[in-house]
1. Which of 19, 77, 62 moves most in a GNM of the chain, Cα contacts under 10 Å?
2. Using only helices, what value at 222 nm comes out for the chain when you add -39,500 (n - 2.57) per DSSP H run of length 4 or more and divide by the total residues, to the nearest 500 deg cm²/dmol?
3. Over the chain, what relative contact order in percent results from Cα pairs under 8 Å that are six or more residues apart?
4. Looking at the chain as a GNM with Cα springs under 10 Å, which of 124, 68, 178 has the largest mean-square fluctuation?
5. Output the 0 to 90 degree angle, nearest 10, between the alpha-carbon long axis of helix 141-152 and the longest principal axis computed from the alpha carbons of the chain.
6. For the residues 97, 71, what sequence is obtained by ranking on other C-beta atoms within 10 Å, fewest first?
7. What's the lysine pair count for the chain at a Cα cut-off below 24 Å, pairs eight or more apart or interchain?
8. Just to check I understand the Karplus step: with θ = phi - 60° and J = 6.51 cos²θ - 1.76 cosθ + 1.60, what whole-Hz values come out for the stretch 40-50, glycine and proline as x?
Amino acid sequence: MEKFENVTYFNHPLIQHKISILRKKETGTNEFRHLVEEIAMLEGFEALNDLPLEEVEIETPIEKCKTPMISGRKLAIVPILRAGLGMVEGILALVPSAKIGHIGLYRDEETFEPHEYYCKLPSPIEERTIVVCDPMLATGGSAIDAITMIKKHGGRNIKFMCIIAAPEGVKALHEAHPDVQIYIGHLDRCLNEHAYICPGLGDAGDRIFGTK
Ligand code: URA
């Protein structure tokens, strides 16, 4: 796989271990959901290492001082519906005051093309670091469309976080949005003829929500 400067792969053993459990077909809904949250939190810890800090005056038991704090008003988490919702709590655990937007896209079963049906973003979106999340980066179509929509609304500082990616999706997303930082838990082999990631974990939305 070609190397791209704006792509980060997490090779931390905890992330890799948890992804392996996610992949197992016998992993049930409850465990799957918790693992998605935990992986999102571990990835978020690294992906948010450049969050802006502001000096805030506080008082310790000893004296007043100025100390750096993250302003949650500066972060927007934007899950791509519906599987992206599974990652939100994990990132919120790190930055509880972050605002949350939503983007809804569905894939045409025949062409695999994404269609938008919902977009609601916290304002002022242009001033925020935006973390777009979707556990699976397959063809890249949904991520590309979602990020295009966010840019149309004025979003500029955009990161994309996923758990599993196919090489086809990474290349397409990088080419469409070279300014976006991409964070990937594990790079898989390829897409199959139904645009599922191989070996992947199946349909992430169905596994998070217990649907079929
Ligand atoms: N979306 C999923 O949930 N799984 C895949 O393998 C590809 C896209």
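Each value in this text was obtained by applying a stated rule to the coordinates, not by laboratory testing. Everything quoted here is computed from the prediction, not taken from an experiment. Here the Cβ positions follow ideal geometry from the backbone for every residue, glycine too, while neighbour counts run over all protein chains shown.
1. Sorting by GNM fluctuation, first place goes to 62.
2. Values: 6 runs with 66 residues, N = 212.
Calculated at 222 nm, the ellipticity per residue is -9500 deg cm²/dmol.
3. Values: 417 pairs, mean separation 49.0, N = 212.
Computed over the chain, the figure is 23 percent.
4. Ranking 124, 68, 178 by mean-square fluctuation puts 68 first.
5. The angle comes out near 40 degrees.
6. Numbers: 97 11, 71 15.
Result, fewest neighbours first: 97, 71.
7. Within the chain, the lysine pair count is 23.
8. Whole-Hz 3J(HN,Hα) from phi for the stretch 40-50: 4, 5, 5, 5, x, 3, 7, 5, 9, 6, 10.
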